[in-house]
Each structure stands twice: as C-alpha cells, then as structure tokens.
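Worksheet for the structure shown next.
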Amino acid sequence: MPTPTADQKYPGVHVEELPSSIRSITTVTTSVTAFVGHTRRGPLDQPVRITSFTDFERRFGGLTSRSPVSHAVHQFFGNGGAVAVIVRVARTGSGAEAHVTLESTEGRSQCPVLEVYAKEPGVWGDGLRVAVDHDTPAHRPAGGGPRHPSDPDETFNLQVFDAHGAARESFTGLSMDPGSGRFVETAVNSASALIRVAVVGEGRPDPSGTVSKPFHHPLPDLDVELTVKIGEVEREFTLYEAECDGEPPCDVTGLALLLEQKLRSLPDAPGKHAFAGTRVIPFGRRLQVVAGSTDPCDVVRFVGECANDLGLEASVNPPVFALCGGADGDPPGPRDLIGSEARKSGLQALRDLPDVNLLALPELASYESVDDMLTVVSAAQRLCQERRMFLLVDAPATWGGVDAARAGIGAFDAVRGDHAALYFPHLQLIDPLTGRLRSFPPSGALAGVIARTDGERGVWKAPAGTEARLAGVHGLTVKLTDRENGLLNPLGINCLRTFPMVGPLVWGARTLAGSDALDSEWKYVPVRRLALHVEESLLRGLQWVVFEPNNEQLWQQIRLNASAYLHSLFEKGAFKGGTPRQAYFVKCDKDTTTEADIENGTVNVVVGIAPVKPAEFVIVKIQQMAGQFDL
C-alpha cells in the first residue's frame, strides 16, 4: 500500500501517477549509407554525416571527374536517399594542405612567426586568403584585474576570406603567448572550419597592407601631394585641402578617416573595387592601409618624397596573404580503402560509428585488377558482419556483356557472403560536368532506391521490381533479355533491366550467397536486411537488462518488450503467417536460462521470426476452356 502523503488527509479520491515498468524497443535506421573513397576536399579518414547533396558540395567540394564517390552521392540523393556518411580517403603520401607563412619585423629582423594551413588537404585551399591587423582593444581578464602587459601591443586580429573574396571567419585579440587565454593556436584551431595555425617564432605577424611609421603629436604638414599605386593603377591626390576638408585632423584616428576618404574617391580600374573599398585602420600611433580587394597583387604603395616624409611606405604587404601549395591527392589504392583499425582510417573509420546500414565503394568498379577489388570486398564484408551493415557491390567495369559476367563471377566465390549483393550492369547517365552520356557504377543509385523502398514499404520489401525505378538513368551499358537474366540470376548476380513504359529499374534481390548452388537461408536481400534490423533493434532496446536481477520478473519483462516490438513489425507485414504465433516467438525462461547461466550472470533470449520472402517467380497457369459461356 502506498504511504499517505500530506495531501491525503481528507476523505475523497486521490490520483497518483506511477512509472511504467514496460520499456519499449524502438526501431533503428535501415538505409543510412556510407560512401568511402576519394573526394575533392574534406577531412581525411573522418566520417561526416550529411543530409543533402548541398551538404556534400559544402563539405567535400561537389562533383569532380576523379571522384566516383561524388557522382554516387549525387545519384543516392536523386533516387530518394536521405542520410549519408562520407569518409574521404586518399592514397598514402599524396595530397597536401595549402599554407602560407606569416612573418614579423617588429623590433627584429624579418623572420617567420606563424604558419597558416588549410584545414584539409586539397587544391581548394589555394583559394583561401588571410588578413592580419593590429587594431585590437585592450584585453582584460574575466572578472576584472590588471591588463596583461602584452595587450594590446602584442595582440592581433586574423580574418579568413574564401576564393570569392567573402569574409568567412574572424578571430580577434589573438596572442602569440602560450599562457594567454587567446593563444592563437588554441583560439583558431578549435573554432575554425577553414584553417589551422602553428606558431614557429616570436613576435606577432605583420599586418597585411601598407603600414606607416608611428605618427607623433602634433601631426606633420598634411597639405601635400601624394602618389598612390594599387596593383598597376597609379593615382595622384592632395591629402588635405582646407577649402574642401574643413578643420585638419588632430590625431591619428582623424588622419585615418581623411586618408580613407581621399583614397575611396579616386577612380578605379574598370571592374575593380581596389580604391573604392580601401580601408585605413588606425592602431596605436600607426596607420594600416588595405586595398578593397582580396587579390594579393593589389598592393598599396605610396611613392615619392612626400610619402616618405609621412612614413607611409615603412612596411608594404599585400592586402591579404594567399595560401598556396594545396594538392587533392591521388585516388586511394586497396590498402588505403581498407585502412587501419588502429588509426581508424579507410573503412575502419566506420567501425565505431552507429546507425550505418549500407556501404558503397564505387571506386572498386574501375580497378583493373580483380584481385585488388576482391581484397577490398572481403575486408568490407568482414566489417559489415561485425557492424551489422550490408555491402552493395558494383560489377567490374570490364564486364561488357553476359558472357563476361558469367565468366567473371567465378572469381567472387571467395567472397560469397550474405552481407553483400552484386549488381550488374553499370548505368548510363548524363554527366553533369560535361553534359555527355557516360557510364557510372550503380551502387549510389541503388542505395537511394533501397532508402526509398524502406521509407515507402519497409526494410522487408525487396528493393526490386517495377517500384524500384532508377531515377535520372538514361540507359544501361548492357541491355539484358529475359533469357540472359535467367542465366545470371541463379549465379547470385542482381540484374538491372529496362522495361517499356517503366524504364531502367532493379530486377534482382539476391545476396552474394544467393546462388542456387549454395542453397543459403540468407538467399534474399530483404530477408538478410530484415534480420539485421531486428538484431540491432533488440540489441539496443535490451540494454536496460544489464545488471538487473536475473529472475522470472526480468524474463517476463524481456518477453513482453521483445514481443511488443516484433508484433509491431508483424502488423506492418514484415513476417509471414496469419497469426503472431505463426510469425514470431520470444522465449526467455528457465529453459533458456539455467541455474548455471544465472550463476554466470547470463540471461538467454531466443527470438525466432518468419520473414516474408520475395515472390521471385510468379507462375500464372492458363487453361483454355471449350464450349460456350452463358450470358
């Protein structure tokens, strides 16, 4: 009996909510597809989850002729895919990060002080630009206290521009002192998505643009003629005119405003914004003059004696410092794709990643050596078995016809596992890069079809048939007839066909272990994938059982939870049978868990399911009747 509370002191009806002892088992994902291979950019050997091809363009550089993965991802989302995981892999030793070295001349001879690298290897980094200025406010520690002696005289700001000249990132109040809270390596490397930095010397980096000598009070005579040159364009102007400019500036800030106004009023070269966008930044008693462009050639130079008297040519740098030397790297070889489990590289980068269901390796189809291809397929299947994933294997590009496929499938006998399926032939699509028709391996489009089928019908529905249309596909590299299809299907080769009024579609749903000669219980793709789905859902949904008292009460809860989950699948049509008893069973009692098991801390749950197998052969018998019909 519950203990009366303070509110239960008067006669009446009292309501109390009690926590439920039933824990539901939720279904896991079924069609998150991992693509492993070469891309234009992106972090190496790090899985990145994306939800659209726009995400892929932003993170991995979009389509490129050297990346089968990029086209496969494009076809995946075009055919109904929703979530993908990309692992960029490059050949070991190839690829380089674009970089630039920033130097310092403050109180010492010119020397390197800061290396700036693109965050990821690739030519894309050559489009990055960085700008430096010293216009930093005095920095005070959190909670008050005295100003650090290095602020602001030893701090700087760093701004990052992309290839189009747009400002992408900005970091202020940076310090070269490792003991500072704004130490440049800590502040930039932890927050930037574009660059990383490394301190290689002492002193803060010189500002970009042209920096003057210190101005003292009072300011020098400003009624002078100056000649300024930005890039190849040279202009002359009067710095201060009493009739037009009013009162003369009395400090460095006023001088900066006056000089910026004069420079911006000068005519630009056609199509340029170098003069019109000029910035003059005061810091301390100096001026920093930066051209209004991100072209490293647009250096601001003041020439002539007057400029020398004003100290406007003390230090001359480009408006931005351009990164260079980036290289995309070569496509990965078999060892690179397989990767290292210790370093979590290649395929092994997926080992600890949850919610990955399908795996596509579109680069394998172009391998000249079948042995290299099978080596990677074997390693990928082992990973799929351990992580409950399913591998989509593209037929080799050298299979130019039915005879080649029949002759070549024998090489796959060494990798005939039930966690993979082979598809033939390749697809013909319009290449978005060239506008021409070319062939592509089908795994990306197939993954999209599977994702679409899972969403519309369920993982137990075979991703094949008239509903499994291949969107955007103009044709197939090999047109198969019914008789030719009949030669390949018993060998465990899933055929892609073209039918009138329907177009290209998937016309096979067998695993690599689905050859008639093997007689495997995991012959069909939907049966294997449904079992993987149930296994993973039960694995996660029964985590609460660990460390619970191993008794009849626990067994009853396990039976209740697992049965409720399986019944929900039965109601959706995942299992055959007219009643739940015919469709599935859950057994967890003293027969499955003995006293010895209890002593060893083990509880055994036996689950059986009756999956629906696809109607691969539909036989219609027609009998002709003699005689007349009564109307």
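May I ask you to list the residues in the range 45-62 that are of a type outside the set (Asp, Glu) and surrounded by fewer than 18 Cβ atoms within 10 Å (Cβ to Cβ)?
Scanning the range 45-62 gives GLN46, VAL48, ARG49, THR51, SER52, THR54, ARG58.
Assess whether ALA405 counts as being in contact (Cβ under 8 Å) with a residue 60 or more places away in the chain and either closer than 21 Å to LEU480 by Cα or part of a strand (DSSP E or B) (or both).
It is true that ALA405 is in contact (Cβ under 8 Å) with a residue 60 or more places away in the chain and either closer than 21 Å to LEU480 by Cα or part of a strand (DSSP E or B) (or both).
Return yes when ARG58 is touching a helix residue (DSSP H, G or I) at 6+ places or on another chain (Cβ under 9 Å) and not hydrophobic (A, V, I, L, M, F, W, C) and no when it is not.
no
Do you know which residues across the range 65-89 are open to solvent by 10 Å² or more (accessible area, probe 1.4 Å) and under 20 Å from PRO121 (Cα atoms)?
Within the range 65-89, SER65, ARG66, PRO68 qualify.
Based on what the data block shows, is ALA163 of a type in the set (Gly, Ala, Ser), open to solvent by 10 Å² or more (accessible area, probe 1.4 Å) and in contact (Cβ under 8 Å) with a residue 60 or more places away in the chain?
no
Being open to solvent by 20 Å² or more (accessible area, probe 1.4 Å) and among the small types (Gly, Ala, Ser) is the filter; apply it to the range 372-400 and report the residue that is farthest from GLY78 (Cα to Cα).
Per the stated criteria, the residue is SER378.
Among the numbered criteria (1) part of a strand (DSSP E or B); (2) among the charged types (D, E, K, R); (3) crowded, with 23+ Cβ neighbours inside 10 Å, which single criterion is violated by GLU103?
(3)
Looking only at strands (runs of 3 or more DSSP E) that fall completely inside the range 175-247, which ones have 3 or more residues that are touching an Asp or Glu at 6+ places or on another chain (Cβ under 8 Å) and more than 21 Å from SER104 (Cβ to Cβ)?
225-230, 233-238
May I ask you to verify whether LEU353 is touching a Phe, Trp or Tyr at 6+ places or on another chain (Cβ under 9 Å) and closer than 25 Å to GLN46 by Cβ?
no
For (1) of a type outside the set (Ser, Thr, Tyr); (2) assigned to a loop (DSSP other than H, G, I, E, B); (3) under 14 Å from ASP394 (Cα atoms); (4) out of contact with any helix residue (DSSP H, G or I) (no Cβ under 6 Å at 6 or more places or on another chain), each residue gets a yes or a no:
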| residue | (1), (2), (3), (4) |
| --- | --- |
| ASP330 | yes, yes, no, yes |
| LEU337 | yes, no, no, no |
| LYS344 | yes, yes, no, yes |
| GLN348 | yes, no, no, yes |
| LEU353 | yes, yes, no, yes |
| ALA365 | yes, no, yes, yes |
| GLU368 | yes, yes, yes, yes |
| ASP371 | yes, no, no, yes |
| VAL377 | yes, no, yes, no |
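Name the residues in the range 296-332 that are charged (D, E, K, R) and farther than 29 Å from ALA96 by Cα, would you?
ARG301, GLU305, ASP309, GLU313
Could you pull out the residue among PHE77, PHE56 that is farther than 28 Å from ALA322 by Cβ and modelled with pLDDT of 90 or more?
Result of the check over PHE77, PHE56: PHE77.
Cβ contacts < 9 Å: first residue without any contact (Cβ under 8 Å) to a residue 12 or more places away in the chain, restricted to the range 442-466; second residue open to solvent by 10 Å² or more (accessible area, probe 1.4 Å), any location; separation 6+ or different chain. Result?
Pairs that qualify, where the first residue is without any contact (Cβ under 8 Å) to a residue 12 or more places away in the chain and the partner is open to solvent by 10 Å² or more (accessible area, probe 1.4 Å), are GLU456/GLY80; GLU456/GLU467; ARG457/GLU467; ARG457/GLY573.
Quick check, is SER175 open to solvent by 30 Å² or more (accessible area, probe 1.4 Å) and at pLDDT 90 or above?
no
Taking the residues in the range 106-117 that are out of contact with any strand residue (DSSP E or B) (no Cβ under 8 Å at 6 or more places or on another chain) and not polar (S, T, N, Q) as candidates, determine which candidate is surrounded by the fewest Cβ atoms within 10 Å (Cβ to Cβ).
Once the filter is applied, the top-ranked residue is GLY107.
Would you confirm whether or not the range 548-555 contains a residue that is touching a residue at least 24 places away in the same chain (Cβ under 8 Å) and closer than 16 Å to ILE25 by Cβ?
yes
Of GLN628, GLN624, GLN557, GLN582, which residue is open to solvent by 40 Å² or more (accessible area, probe 1.4 Å), at pLDDT below 95 and not in a loop (DSSP other than H, G, I, E, B)?
Residue meeting the stated conditions: GLN582.
Any idea which of ASP295, ASP336 is surrounded by fewer than 22 Cβ atoms within 10 Å (Cβ to Cβ) and among the charged types (D, E, K, R)?
Exactly one of ASP295, ASP336 is surrounded by fewer than 22 Cβ atoms within 10 Å (Cβ to Cβ) and among the charged types (D, E, K, R), namely ASP295.
Return the total of residues in the range 214-253 being closer than 22 Å to PHE321 by Cβ and surrounded by 12 or more Cβ atoms within 10 Å (Cβ to Cβ).
Number satisfying all stated conditions: 5.
Restricting the range 401-410 to residues that are surrounded by fewer than 20 Cβ atoms within 10 Å (Cβ to Cβ) and of a type in the set (A, V, I, L, M), which is nearest to PHE53 (Cα to Cα)?
Applying the filter and picking the extreme gives ALA404.
When the range 303-328 is examined, which residues are found to be under 30 Å from VAL116 (Cα atoms) and in a loop (DSSP other than H, G, I, E, B)?
Matches in the range 303-328: GLY311, LEU312, GLU313, ALA314, ASN317, PRO318, PRO319, VAL320, LEU323, GLY325, GLY326, ASP328.
Mind telling me which of the residues LEU505, LEU530, LEU496 ends up being farther than 15 Å from LYS461 by Cβ and touching a Leu at 6+ places or on another chain (Cβ under 9 Å)?
Being farther than 15 Å from LYS461 by Cβ and touching a Leu at 6+ places or on another chain (Cβ under 9 Å) holds for just one of LEU505, LEU530, LEU496, which is LEU496.
The values are calculated or read from the model by the stated rules, or taken from the named source; none is laboratory data. Remember, predicted model here, so these are calculated numbers, not experimental data. Heads up, the Cβs are rebuilt from the backbone with ideal geometry, glycines too, and the neighbour counts pull from every protein chain shown. Keep in mind that these areas ignore ligands, DNA and RNA; they rest on the heavy atoms of the full protein, side chains included. Shrake-Rupley method; radii C 1.70, N 1.55, O 1.52, S 1.80 Å.
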